[in-house]
1. Which residue pairs have Cβ atoms under 6 Å apart, sit 6 or more places apart or on different chains, and have a first residue in segment 33-61 that is under 24 Å from residue 95 (Cβ atoms) and a second that is more than 7 Å from the ligand (Cβ to nearest atom) and acidic (Asp, Glu)?
2. Please give the number of the condition residue 87 fails out of (1) in contact with a Phe, Trp or Tyr (Cβ under 7 Å, 6 or more places away or on another chain); (2) at pLDDT below 95.
3. One residue is enough: does segment 18-34 have a residue meeting the conditions more than 10 Å from the ligand (Cβ to nearest atom) and of a type in the set (Gly, Ala, Ser)?
4. When only residues in segment 39-48 that are of a type outside the set (Val, Ile, Thr) and either under 16 Å from the mean Cα position of the chain (by Cα) or part of a loop (DSSP other than H, G, I, E, B) (or both) count, which is nearest to residue 69 (Cα to Cα)?
5. In this structure, does residue 37 turn out to be in contact with a Cys (Cβ under 8 Å, 6 or more places away or on another chain), within 9 Å of the ligand (Cβ to nearest atom) and of a type in the set (A, V, I, L, M, F, W, C)?
6. How many residues, within segment 43-60, are more than 7 Å from the ligand (Cβ to nearest atom), open to solvent by 90 Å² or more (accessible area, probe 1.4 Å) and not β-branched (Val, Ile, Thr)?
7. Tally up the residues in segment 9-38 that are under 17 Å from residue 121 (Cα atoms), open to solvent by 60 Å² or more (accessible area, probe 1.4 Å) and not in a loop (DSSP other than H, G, I, E, B), please.
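The values are calculated or read from the model by the stated rules, or taken from the named source; none is laboratory data. Just so it is clear, the model here is predicted, and its values are computed rather than measured. When we count neighbours, we look across all protein chains shown, and the Cβ atoms used for this are built from the backbone with ideal geometry, even at glycine. What goes into the accessible areas is simple: the full protein's heavy atoms, side chains included, and nothing from ligands, DNA or RNA. Shrake-Rupley method; radii C 1.70, N 1.55, O 1.52, S 1.80 Å.
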Amino acid sequence: MPVDFSGTWNLVSNDNFEGYMTALGIDFATRKIAKMLKPQKVIKQDGDSFSIHTTSTFRDYMLQFKIGEEFEEDNKGLDNRKCKSLVTWDNDKLICVQAGEKKNRGWTHWLEGDDLHLELRCENQVCKQVFKRA
Ligand code: ECB
């Protein structure tokens with residue numbers, strides 16, 4: 001029985017989001033707004049199919065994927081770059097590789113106790129986010 005990420009999750013910590021956004025080329029004014037946000041994630045996991053809605057008072061982002069199936073990701077409202085993205089399991093961790101213009105781009109989700117963890121990577125920057133169940 002694989003882990004189940006399903007649920008509604010609220011951001012409680014956000015380490016080095018500034019560095020991650022800078023690596024993505026996000027402008028100063030947008031970074032100042034974005035780092036004040038407390039986004040919520042709504043994750044739906046149905047077998048190998050996932051949807052992850054990240055919502056905030058400023059912008060929303062929606063991602064749908066199936067494990068092991070590469071897809072075109074259009075990072076609309078984020079850095080607006082397109083990637084070839086692929087999500088796979090590594091034991092109980094969900095790993096996404098976002099191949100494109102930016103090196104070493106991707107993210108990892110895992111559960112730790114009652115918390116949802118997310119590591120966001122771009123070039124040499126790592127942002128670490130923790131969410132608690134709403
Ligand atoms: C959507 C809420 C954040 C909006 C921030 C607005 C502007 C900043 C622009 C770019 C920064 C890059 C990423 C923002 C951080 C979080 C959004 C979703 C990150 C992500 O890829 O989550 C994955 C894993 O949960 C699913 O898409």
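1. Once the first residue is under 24 Å from residue 95 (Cβ atoms) and sits in segment 33-61, its partners that are more than 7 Å from the ligand (Cβ to nearest atom) and acidic (Asp, Glu) give 45/4.
2. For residue 87, the failing item is (2).
3. Within segment 18-34, one or more residues are more than 10 Å from the ligand (Cβ to nearest atom) and of a type in the set (Gly, Ala, Ser).
4. 48
5. no
6. 2
7. Residues meeting the conditions: 2.
Matching residues to (1) surrounded by fewer than 17 Cβ atoms within 10 Å (Cβ to Cβ); (2) of a type in the set (S, T, N, Q); (3) within 18 Å of residue 120 (Cβ to Cβ); (4) within 9 Å of the ligand (Cβ to nearest atom):
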{"residue": "41", "(1), (2), (3), (4)": "no, no, yes, yes"}
{"residue": "62", "(1), (2), (3), (4)": "yes, no, yes, yes"}
{"residue": "83", "(1), (2), (3), (4)": "no, no, yes, no"}
{"residue": "94", "(1), (2), (3), (4)": "no, no, yes, yes"}
{"residue": "98", "(1), (2), (3), (4)": "no, yes, yes, yes"}
